[in-house]
Amino acid sequence: VVAGLTLGAGVLDRAGSLVEAAAPAHRYAIITDDRVGPLYAERLVASFARAAGAARSIEVLTIPAGETAKTRATWAELTDTLLDRGVGRDSTVIALGGGVVGDLAGFVAATYLRGVPVVQIPTTLLAMIDAAIGGKTGVDTPAGKNLVGAFHSPAATLVDPTVLATLPTRQLAAGLAEAIKHGAVADAAYFARVRDDAPMLLEAPGAATGPAGAALLALIARSIEIKSDVVARDARESGVRKILNFGHTLGHALETESGYTLLHGEAVAIGMALEAQLAELAAIAECGVTEEICRALDRATLPSALPPGVDADAIVRRTHADKKARAGEVAYALPQRIGRMAGADKGWAIPLSDAFVRGALS
Ligand SMILES: NC(=O)c1ccc[n+]([C@@H]2O[C@H](COP(=O)([O-])OP(=O)(O)OC[C@H]3O[C@@H](n4cnc5c(N)ncnc54)[C@H](O)[C@@H]3O)[C@@H](O)[C@H]2O)c1
Ligand SMILES: [Zn+2]
């Protein structure tokens, strides 16, 4: 479903020739962060030396790891560095890292000299199955996350699951939250598979072979398929793409309210459990959906309840950060049952009153 997608153990070491085939360029600019760079940049550069074209010039630009670097200031530094080094139009940007690097490098590529191709090489599970898929790029601003950006589809997306071996377990689990979401919104059999495989995947992160290796590959492939299929049906988020917001309305509010002590995937995990409960209380979801979701989250070592001390009122207030919200109510993507979202006739967004949500949360 994704043009230019290559998925498999060892893809990183073949990246040079894959990139040269998909996005041939005079120069390549690898953008990475200071955690991922020391682990994998050298291997990526070495793969170019083995590629047929060879003798290309390759720049490596490194940003500090973490969300706080996903800003216009970093974008300005990166584009200035590229200009300083005389990187011209006949160049390809390569994003090597998690979603932060992918969003930022994608935005650099979308805007540099009015746009050069980008290749995504995601290195977190979240980036492999979510951030690198769909062509959204951008940076955060003081007013909120991802508020300045562009759509810029990658010329190639190279996914090597074995790089997950070095990813902290907490980050891996956070990525599993999005896989659970993909199952919940689109595929009940997949949902069950992720739930059943989660402990094995966390036990042997980045496995290249054996049952864990096969399970990891299958998970990434199916999640990419689900996300890209939904996105293809609705590239600009006017309809069915909204189902991917499941868990995210309350999740985003909670992520911000926690002062970002919760990882995005952790906040979304809690958001899915709570939104499923809203759907059950509103008689939109079948009984038992919440329990099924909580069981899957639990097996993936993800939280499913509001952390102690979090104020339901504050969460509801924060759901209004979404500019599209009308006074006194917010639209939610809600499940009907596992694998099926509700509200096809309402544009996949179901308005719930603040009073109802507040009551359910407290
Ligand atoms: N564009 C989209 O459609 C989209 C979708 C979802 C999320 N996002 C964005 O993605 C970002 C979150 O992405 P993320 O969760 O990947 O976070 P991240 O990029 O901050 O990576 C998490 C941490 O793991 C480290 N890391 C990455 N790969 C590693 C590896 N293989 N081994 C060891 N450490 C590694 C990173 O250095 C970082 O410290 C957010 O900014 C979010 O807005 C974008
Ligand atoms: Zn998400």
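Name the residue that is nearest to L334 (Cα to Cα), counting only residues in the stretch 285-314 that are of a type in the set (A, V, I, L, M) and in a helix (DSSP H, G or I). Once the filter is applied, the top-ranked residue is V289. Of the residues making up the stretch 146-157, those that are out of contact with any Lys or Arg (no Cβ under 8 Å at 6 or more places or on another chain) and either surrounded by 17 or more Cβ atoms within 10 Å (Cβ to Cβ) or free of Cβ contacts under 8 Å to residues at least 12 places away in the same chain (or both) are L147, H152, S153, P154, A155, A156, T157. In the stretch 261-284, the count of residues that are within 14 Å of ligand 2 (Cβ to nearest atom), free of Cβ contacts under 8 Å to residues at least 24 places away in the same chain and either in a helix (DSSP H, G or I) or within 26 Å of K346 (Cα to Cα) (or both) is one or more. Looking only at residues of the stretch 252-268 that are under 14 Å from the mean Cα position of the chain (by Cα) and under 19 Å from V330 (Cα atoms), we find that the one that is farthest from ligand 1 (Cβ to nearest atom) is A267.
Results for (1) modelled with pLDDT of 95 or more; (2) among the acidic types (D, E); (3) in contact with a strand residue (DSSP E or B) (Cβ under 8 Å, 6 or more places away or on another chain), shown as yes or no for each residue.
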site: E291; (1), (2), (3): yes, yes, no
site: D298; (1), (2), (3): yes, yes, no
site: T301; (1), (2), (3): yes, no, no
site: T319; (1), (2), (3): no, no, yes
site: G328; (1), (2), (3): no, no, yes
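Name every residue in the stretch 200-234 that is away from ligand 1 (no atom under 12 Å from the Cβ) and part of a loop (DSSP other than H, G, I, E, B), in order of residue number. Correct list: A204, A207, A208, T209, D234. Scanning the stretch 218-260 for residues that are of a type in the set (S, T, N, Q), crowded, with 20+ Cβ neighbours inside 10 Å and either over 18 Å from I129 (Cβ atoms) or more than 14 Å from ligand 2 (Cβ to nearest atom) (or both) returns a single hit, T249.
The sole residue among A132, A155, A105, A143 that is more than 7 Å from ligand 1 (Cβ to nearest atom) and more than 24 Å from V45 (Cβ to Cβ) is A143.
Where strands (runs of 3 or more DSSP E) sit wholly within the stretch 111-198, those with at least 2 residues that are under 25 Å from L39 (Cα atoms) and within 16 Å of ligand 2 (Cβ to nearest atom) occupy 136-141. In the set R85, R114, which member is under 22 Å from L44 (Cα atoms), among the basic types (K, R) and more than 9 Å from ligand 1 (Cβ to nearest atom)? So the residue among R85, R114 that is under 22 Å from L44 (Cα atoms), among the basic types (K, R) and more than 9 Å from ligand 1 (Cβ to nearest atom) is R85.
A single member of T290, T301 is surrounded by fewer than 20 Cβ atoms within 10 Å (Cβ to Cβ), within 29 Å of R193 (Cα to Cα) and among the hydroxyl-bearing types (S, T, Y), and it is T301. Candidates are the residues of the stretch 73-84 that are of a type outside the set (A, V, I, L, M) and loosely packed, with under 14 Cβ neighbours inside 10 Å; the one that is nearest to T32 (Cα to Cα) is D80.
The values are calculated or read from the model by the stated rules, or taken from the named source; none is laboratory data. Everything numeric here is computed off the predicted structure, so don't read it as measured data. Here the Cβ is made from the backbone with ideal geometry for all residues, glycine too, and neighbour counts use every protein chain on show.
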